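For reference, the structure is listed below as structure tokens.
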Amino acid sequence: MNIPAADGIPTAGTDTGETSPSAADTLRTASDVLGLDALLTAEERTLREQVRSFVDERIRPNIKDWYEDAVFPVEIVRELGSLGLLGMHLEGYGCPGRSAVEYGLAAMELEAGDSGLRTFVSVQGSLAMTAIHKFGSEEQKNRYLPGMAAGELIGCFGLTEPTAGSDPSSMATFAEHDGEGWVLSGAKRWIGLASIADLAVVWAQTADGIRGFLVPTDTPGFTAVPIEPKLSMRASIQCDVFLEDVRLPETAVLPGAKGLRGPFSCLNEARYGILWGAMGAARDSYEAALAYSLERLQFDKPLAAYQITQEKLVNMLLEIQKGVLLAIHTGRMKDAGTLEPVQISVGKLNNVREAITICRDARAILGGNGITLDYSPLRHANNLESVRTYEGTDEVHTLILGQHITGIGAFR
């Protein structure tokens, strides 16, 4: 059934919340009221369409089952590598060397599919690969980065601990230098990909401050246990990691990282991708609600014909347009080398917070059908509860901004 909509905009072609390609494109064009596409280059739009096609072909048909069954699709890792999406912002060593804006556009399209898939790209590229690329030796870079960029090796990033989340300076994991190498002991929690990773970047206290270590996950004493059951990020993997007298050679140390500057610089890379990704989840939820509201009849007319529904849709659209504009501006600053960490906090805090609201309002338009996995908004909203927590909670980014505008640190 197709119900004519205002201004000749076609509606969804089925009752499942999916739109035909032509209808979806028309709805999306009408929703870009600020003409933000004109701010992108032809090359950037081409990259976006390539990632969008991958999501449409490989993610959307399967995400309902992956999410319900709590399965991360390991089989797509090499496909992501072939598309040039792993460490895509890094130069050399087999990395794609794409721009910050291109990376952001890819993150947005991936998270329109599911946060868990964007999270994989973030953990692999923005965290693990970035740590090696920024702080590793030439031998470490040449040994690991080409395989990680191709999706042949999977990495993870061990910073958060059971009692040290927002305050990583209080981490209890310790690496002791014994003359012939290092002995690493402690525990990490909420470590993405750890149970399927080949290599872990682990941050630990030492007598000389916090250092980063490259730990092959088959090293005796390294154990990763997936955290289950979860109500969020179900198509992703987060683990408890246990480090019991893990012996490492001198060459395991990242030579360029000392103190929290190392892990924080990696977190900023991940936070940057998140501010784009959240808008992907928001856009997908908005589009699902818009298509549904144009199809769903109540009291003999579509939901979209009611003023309250239109207000909800307009409010969603306004925040998506503002959030994408913020993301593009942030990306341009990053490409120009002028982006400051506090500006990343603006995007991460604002875009994730607004995206959750959008996803919840989209679910409300879907009514009871919105609590099923046939529709994406509640799945996105659940995922975003994790996204708003990792790489700096809402509260942490609020305090970062508060310190910036007042000059007063309020963390303790």
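Summary table below
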{"quantity": "Amide H contacts of M233 (H built 1.01 Å from N, under 5 Å, at least 5 apart or other chain)", "calculated": "N383"}
{"quantity": "Listed residues H177, I356, I154: farthest to the positive end of the dipole of the chain (Cβ charges)", "calculated": "I356"}
{"quantity": "Extension gain from D300 to D245, taking 0.36 nm per residue of separation minus the Cα-Cα distance", "calculated": "12.9 nm"}
{"quantity": "Counted charge near H177, where neighbours are those whose Cβ lies closer than 11 Å (Asp, Glu -1; Lys, Arg +1)", "calculated": "-4"}
{"quantity": "Ellipticity estimate at 222 nm from DSSP helix runs (n ≥ 4, -39,500 (n - 2.57)) divided over the chain, nearest 500", "calculated": "-15000 deg cm²/dmol"}
{"quantity": "Charge dipole magnitude, Cβ of K and R +1, D and E -1 - region 52-149, Cα centre, debye nearest 20", "calculated": "280"}
{"quantity": "Cα-centre dipole for region 358-412 with unit charges at Cβ (Lys and Arg positive, Asp and Glu negative), debye to 20", "calculated": "40"}
{"quantity": "Cα-based helix-to-principal-axis angle, 377-387 vs the chain, degrees rounded to 10", "calculated": "20"}
{"quantity": "The chain - accessible surface per residue (Å², probe 1.4 Å)", "calculated": "42"}
{"quantity": "Charge context of E79, other residues only, Cβ under 13 angstrom, K/R +1, D/E -1", "calculated": "-1"}
{"quantity": "Point-charge dipole on Cβ atoms (K/R +1, D/E -1) for the chain, about Cα centre, debye to 20", "calculated": "740"}
{"quantity": "Region 46-164 - Rg (one decimal) and Dmax (whole number), Cα, Å", "calculated": "14.4, 44"}
{"quantity": "Mean Cα-pair separation over length for the chain, i.e. relative contact order, pairs under 8 Å, 6 or more apart, %", "calculated": "18"}
{"quantity": "Accessible carbon and sulfur surface of region 271-373 relative to its total accessible area, %, 1.4 Å", "calculated": "55"}
{"quantity": "Relative contact order (%) - region 203-302, alpha-carbon pairs under 8 angstrom, separation at least six", "calculated": "25"}
{"quantity": "Prolate/oblate/rounded label for the chain (Cα gyration tensor, a/c 1.5)", "calculated": "prolate"}
{"quantity": "Protection-proxy order for peptides 62-72, 92-102, each taking the mean of Cβ atoms within 10 Å per residue, highest first", "calculated": "92-102, 62-72"}
{"quantity": "Portion, in percent, of the accessible area of region 22-77 that falls on carbon or sulfur, probe 1.4 Å", "calculated": "50"}
{"quantity": "Listed peptides 183-189, 54-60, 346-352 by packing density, highest first (mean Cβ within 10 Å)", "calculated": "346-352, 183-189, 54-60"}
{"quantity": "Between 0 and 90°, nearest 10: helix 394-406 axis offset from the chain longest Cα axis", "calculated": "80"}
{"quantity": "Relative packing of peptides 41-51, 193-203, 370-380, 356-366 - highest average C-beta neighbours within 10 Å first", "calculated": "193-203, 356-366, 370-380, 41-51"}
{"quantity": "In degrees, nearest ten, helix 138-149 long axis to first principal axis of the chain (Cα)", "calculated": "30"}
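The values are calculated or read from the model by the stated rules, or taken from the named source; none is laboratory data. Keep in mind that this is a model prediction, so the values were computed, not measured. As a convention, Cβ positions derive from the backbone with ideal geometry for all residues, glycine included, and neighbour counts pool all protein chains shown. For accessibility, only protein heavy atoms count, side chains too; no ligands or nucleic acids. Shrake-Rupley method; radii C 1.70, N 1.55, O 1.52, S 1.80 Å.
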